[in-house]
Amino acid sequence: MGNISQEQVHGSEALAGYSDKISEALDTHLSYLLAPEERKMLRRFSVREVARFLKLNENTFRHYIKNADGRMPIGELVGGNRRMFKAEDIDNIRQFLFNDGKIAPEAYPRRQGDQKLNVLCTFNLKGGVSKTSSAILVAQLLGLRGHRVLCIDLDPQASMSDIFQVRPDIDGSPSIYEALRYNDPETGSGPKSMRDVIQKTYFHNVDIAASEMMLTEFEYETAISFKTGMGGEPFHRRMSAAITSVEADYDVVVFDTPPQLSFSVISALFASTGLIIPLNASMLDSMSLGKFLGMAGDLMKAVESSSRKKDYDFIRFLITRFEPTDSPQVQMAGFLRTIFSGAVLKQEFLKSTVISDASNSNNTVMELEPSSFTRKSYDRLMDSVELIVDELEELCFAARHRSAREAAAENSHSDDNARRAS
Ligand SMILES: Nc1ncnc2c1ncn2[C@@H]1O[C@H](COP(=O)(O)OP(=O)(O)OP(=O)(O)O)[C@@H](O)[C@H]1O
Ligand SMILES: [Mg+2]
């Protein structure tokens, strides 16, 4: 009996106590890992890696380096023989090669003219299906390939913000909540501009609008706005409005969403142009997928009844944590491919200890030296990530070109009208 009474604890105090303990221990652990700088710094990249980011054959790239003649950065020799590049260098090299006609306009990562912004959203109500891992790796690799990327973290648990070391709830910096919030009728204070919410990260070309627990306030405020009928822009258009205000600064936006259908997630769904649905190739996940897709469809329909229909450039399923040697998974993946045919990305995101090893030190696989891992496992995993991003990038380019064509057609149509009118 004595044991049982000893087990009795005061709930709120105990939970708060555990919370303090883990936060303190993690702070010590992470500052030890990051010492002496404390802040993360992006590593340098080898000739082989840079050639891949530039989509050049490695020998061709070496040839360009040899003949650079001071016209493009050629990195720095480390240890006498290894040439290493800063991420900023890669952009300058790409620009030089583009101007020199060595990179085709179709492969140029910056949006041109009337090309639209690609807004990608990882989305699945199932927890732990690699939504955050996929969103971060896609954002980071697109950044290294020269796209200007804005990450928007919509998970109040803020894992994506943690990786990028932007913590509004700790350092008091603004979160995405500040850009979405409604006018406060008592104080009269309104949302912050999106530009004031976005922060640069240590990862070149990747900025973030971070998350925090406070984001859940948006849910209460939205519910109140339904009752009072006040609040300005309706909830489902608030995210688009925030993004539109900074659109010119970016090529791709990448949302990370929590495994819940919150108002902020629905607002992201209406702001997105491409959906990525990560899922494990397992029977249980596939069974819950039907319910999740039905629920998401119904909710969007309800919002559409008072608004315009929402179209996407693409919706793609991404099979995650995939083990090619596990035959039930292979079977399930085949089954999903048959049902959804072209909507499943060809490349699976492989399950790998490389991902879990990296995440133990709060890093992504892109940030650590390849030599930190077993070479074979690293290459296998990176090949899978690169092929996934190849497919997504191609879909983004296709959407950009289509939008530019449509804009041109519209312009010539209005020119015709103007001529007819005059
Ligand atoms: N391909 C992979 N191989 C091995 N481990 C992985 C892989 N992808 C993700 N993980 C690990 O699985 C866990 C869950 O992944 P992640 O956080 O990306 O999922 P999530 O869908 O965002 O989860 P949540 O629904 O909680 O937001 C993490 O610990 C992550 O490191
Ligand atoms: Mg997540």
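The values are calculated or read from the model by the stated rules, or taken from the named source; none is laboratory data. Not measured: the values here are computed from a predicted model. Counting neighbours? That spans all protein chains shown, and the Cβs are built from the backbone with ideal geometry, glycine included.
What pairs come up if the first residue lies in region 41-70 and is in a strand (DSSP E or B), the second is surrounded by fewer than 18 Cβ atoms within 10 Å (Cβ to Cβ), and their beta carbons are under 9 Å apart, counting only those six or more places apart or on different chains? The qualifying pairs are Phe45/Met84; Phe45/Lys86; Ser46/Arg82; Ser46/Arg83; Ser46/Met84; Ser46/Pro370. Residue count for region 340-356, restricted to those that are more than 8 Å from ligand 1 (Cβ to nearest atom) and surrounded by fewer than 17 Cβ atoms within 10 Å (Cβ to Cβ): 5.
Being among the hydroxyl-bearing types (Ser, Thr, Tyr) and surrounded by 15 or more Cβ atoms within 10 Å (Cβ to Cβ) is the filter; apply it to region 384-422 and report the residue that is nearest to Asp114 (Cα to Cα). Step through it out loud before you land on a result.
Restricting attention to region 384-422, the residues satisfying the condition of being among the hydroxyl-bearing types (Ser, Thr, Tyr) are 384, 403, 412, 414, 422.
From the residues that got through so far, the ones that are surrounded by 15 or more Cβ atoms within 10 Å (Cβ to Cβ) too are 384, 403.
Working: Ser384: 32, Ser403: 7 Å.
The selected residue is Ser403.
Of the residues that make up region 365-382, is at least one small (Gly, Ala, Ser), within 16 Å of ligand 2 (Cβ to nearest atom) and farther than 25 Å from Gly290 by Cβ? The answer is no; no qualifying residue exists. Of all residues in region 344-357, those satisfying the criterion of being over 14 Å from Ser130 (Cβ atoms) and assigned to a helix (DSSP H, G or I) are Thr353, Asp357. Here is a list of conditions, (1) at pLDDT 95 or above; (2) within 12 Å of ligand 1 (Cβ to nearest atom); (3) within 15 Å of the chain's Cα centre (by Cα), and Pro156 meets all of them except one; can you say which number that is? Condition not satisfied by Pro156: (3). The number of residues in region 120-136 being away from ligand 2 (no atom under 11 Å from the Cβ) and within 9 Å of the chain's Cα centre (by Cα) comes to 2. Among the residues of region 314-359, the ones that are of a type in the set (A, V, I, L, M, F, W, C), more than 16 Å from Asp383 (Cβ to Cβ) and touching a residue at least 24 places away in the same chain (Cβ under 8 Å) come to 10 in all. Listed by position, the helices (runs of 4 or more DSSP H) enclosed by region 227-343 that each have at least 1 residues that are touching a Lys or Arg at 6+ places or on another chain (Cβ under 9 Å), at pLDDT below 90 and more than 16 Å from ligand 2 (Cβ to nearest atom) are 283-304. Within region 111-138, the residues that satisfy the criterion of being touching an Asp or Glu at 6+ places or on another chain (Cβ under 6 Å) and away from ligand 1 (no atom under 16 Å from the Cβ) are Arg111, Leu117.
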